[in-house]
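Below: one structure, written as structure tokens.
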Amino acid sequence: MIHGHTVTVRREIAAPAEDLFDAWLDARSLGTWLRPSAIRETRAETDPRVGGAFRIVMVDDASSIVHSGTYREIDRPHRLVFTWSSPATRFRDSLVTVTFHASPGSTVVEIHQVGLPDEEARASHHAGWSDILRELDHANDDKTED
């Protein structure tokens, strides 16, 4: 069991749960929205199967930040569970659960992360996941306008 600080963020997005779920597993899609506002580019590699790995590189003007993990559960379009390791987790695995609560015309996406090493990491991830859900919402807006 993973212990430590936890963070939960959620956002309602005007899109079907299936589309939002799929966006979390597609490397090309992840590259367009999986980043906090301070990051200018994201490169993603995914092996979207239980036991498969992913690697996310977030690039800003000064550095590249590598995030990695392994998919633990893929229950389309309801729940996605994966480990998450990065400099902010001190390269230890934390556990992220993303749930998709569908309702007519929208989906509430909730991210719950456990195993963060300290309050600083918790606050940083709260801000980061909040930005990421906002970017996912904007990417969905852009997709529907095309």
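Any read-out appearing in this document is the output of simple, stated calculations on the displayed coordinates, not a laboratory observation. What you see is a predicted model, and the numbers here were worked out from it, not measured in a lab. Neighbour counts run over all protein chains shown; Cβ positions are idealised from the backbone, glycine included.
Worth a mention:
- Cβ-placed point charges (K, R +1; D, E -1), dipole of the chain about Cα centre in debye, nearest 20: 480
- For the chain, the longest principal axis of the C-alpha atoms and the axis of helix 119-145 are separated by about 20°.
- Here the label points at R90 and R49, each 7 Å from Cα along the C-beta direction, are separated by 3.5 nm in the simple model.
- FRET efficiency, H101 to D141 (Cβ-Cβ, R0 25 Å, nearest 0.05): 0.80
- On the beta carbon distance between V114 and D60, with R0 = 30 Å, the FRET formula returns roughly 0.70.
- Maximal additional length on extending the E41-A14 stretch stands at 7.3 nm, based on 0.36 nm per residue less the C-alpha distance.
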